[in-house]
1. Suppose R0 equals 56 Å; then what is the FRET efficiency for residue A:145 and residue B:166 from their Cβ-Cβ distance, rounded to the nearest 0.05?
2. Amide H of residue B:38 versus every other amide H placed in the peptide plane: which residues, excluding those fewer than 5 positions away on the same chain, fall under 5 Å?
3. Would you mind getting me the FRET efficiency between residue B:45 and residue A:246? Use the beta-carbon distance for r and R0 = 41 Å, nearest 0.05.
4. Using r as the Cβ-Cβ distance of residue A:71 and residue A:36, and R0 as 22 Å, what FRET efficiency do you calculate, to the nearest 0.05?
5. By its C-alpha gyration tensor, with a ≥ b ≥ c as the square roots of the eigenvalues, how is the protein assembly as shown shaped: rounded for a/c under 1.5, else prolate for a/b larger than b/c, else oblate?
6. Quickly work out the residue B:22-to-residue A:278 label distance, labels modelled 7 Å from Cα along the C-beta direction, and quote it in nm with one decimal.
7. Can you compute the label reach from residue B:212? Point 7 Å from Cα along the Cβ direction, backbone N cut-off under 14 Å, restricted to segment B:87-118.
8. In whole Å, how far is the Cα centre of segment A:152-202 from that of segment B:26-50?
Amino acid sequence: MTTVALDRTSRRRRRRRVSSRVLKYAALAFAAVVVLLPVYVLLVASFKGAGEADPSRAWALPESWSLDAWREAWNGEQYGLLPFLKNSLKLVIPATLISTVIGSLNGFVLSRWRFPGADLVFLFLLFGLFIPYQAVMIPLTQIFIDVDFPEGIPRLAFAHIVYGIPITTLIFRSYYATIPEDLIEAARMDRAGMLRTYWSVVLPISAPAFVVTAIWQFTSIWNDFLFAVFIVTDPGQWPVTVALNNTTGSLVTPYNVQMAAALIASLPTLIVYILLGRYFMRGLMAGALKG
Amino acid sequence: MRKIRRWGPGLLLVSPSILLVAVFVYGLIGWNIKVSLSDWRQAEETSGFDTSAYKELFPSGVGETGEYVSGVATGEQSDTLSTDPAWIIDLHHALLFTVAFVLGALIIGASLAFLLDKGVKGEGMFRAIYLFPMAVSFIAAGVVWRWLMNPAPGDRATGFNLLFDKLGLGFLRNDWYLGQDWGAAALALPAMWALSGYIMALYLAGFRGVPEELREAARMDGASEWRVYRHVVFPHLRPVTLSALIILGHISIKVFDLIVAIGGKQLITQTPAVYMWILIYDARDYAKGAAIATLLLVGISVLIVPYLIYTVRSERRV
């Protein structure tokens, strides 16, 4: 009698557990579908031909798959993004490399070759991570004009390097804080100077932090719009975000071209994310300070 | 002397960064404040002292008391500058956007982390999907979301409205970001889409940071799984929640790209950061643009400075 009752409750409990698990997966899958919905729209629309622009069929798959929109958004006469993709590359590669190196040196000193007040200096730098860049934008554009800084991409690269100092320093400082103090002390015992210690002890084990920081900088510089729209006045030097906004902001641009353009402009960062997602995640965590 | 030889090179190596940040962060902020207090309100640069830009950004009542306190004799007859109506609209948008975005992203992110916490098949895949919007620019995301949230009526409907019709959920049709009252909340949807995954990742790390022994001990005491969460796990997550709130709040205050990508320069979607851009680029009203930028900075500093100090202090304690 009691065993039967027990059996029944345990069966009920198991059933409840199964149904709660089904519910859990359903919720997770639903969230995944919602997150991917914009990707579906982008892909489907970008492969439609000019003749399929009828909005009532917008959610449907293309009747015939066409690359016209991609071709137009890539290097079409009117909407081609190619020159702006080149601008973005010319901006992103040097800016990322330089700011990563600066971050590494700063992070090393502020965690493992400290001087009195190093924490205060770190705090002083860190504030720059959170400021709204609007608060420096007017004088920044002004200062570039005043000192006759080379126009366009060099200005933008300079801005990204300077305002990248806080985040790159933060990521490296947290990373270097995890290397054992003994390693550094051993080098000091050997009377190795600062640069020598950095070069022969610290740098060889820095690869993960370099990858994390470079991905972070690459993504945020590639995706930046605010600095670019304020600093770059010559349309020939626009990075791809500004060009994309200009293309898609106009109502006459066919929507299949808009979608293809948005995809093309996002591909570099998406590829980095897909290939190096693990490191991308670590950068995000560093961005959250102690999170 | 030996000490200086020990730490001198380090300071020297960091000093270019200190200098750059001193000039380009702190110095330019100061310069910006100076511009905001100037009469540079047209294309040509002028540098006379003038507080009219700020007066236009505060409800006129505040402006009057300000004059009264400073004892200006002409306070009574001064033609009080009326508050800029666009700015009032911006503030409403910013408030609504912030509330919707911060709460939405926080709740979605925490819930997803909660669901993933206890081991799920395909966790890596789910995580990768939820987090991928972080790699996409707001400009590119805005292109799709503008289409998804297109409010065009009747047969010209696209995006969600069309989808709702097809699914027989026509009553859900709405004006999205062009809605008179709730438009700014609709603009928060793509922002939630972009950042919920990030919040999920933060919380998931927080959940995983709770020592398993603690959970086990509570279970041994006969606590139900829910009570384990309530009394053991959740209290551990307070620092995560604080970080998440700070991150979301500061993104929200300065939101710019997304709004430009979706709404352009329309007043109905305008936020303070967008207005600042319009003032500089179209109206050439530098003092007022700088004043808005200063207010954005003040808003964010109120959020960030205590947090930074708290973080560095607790780091030192460890």
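1. 0.55
2. B:50
3. Efficiency, rounded to the nearest 0.05: 0.90.
4. Details: r = 25 Å, r/R0 = 1.15.
FRET efficiency, residue A:71 to residue A:36: 0.30.
5. In terms of gyration-tensor shape, rounded.
6. 4.2 nm
7. The answer is B:118, whose backbone nitrogens lie closer than 14 Å to the label point.
8. Between the Cα centres of segment A:152-202 and segment B:26-50 lies a distance of 37 Å.
All of the numbers you see were taken from the coordinates with simple rules; none came from a lab. Predicted model only: the values in this text are computed from it and were never measured. So basically every Cβ, Gly included, is an ideal-geometry build from the backbone, and we count neighbours across all protein chains shown.
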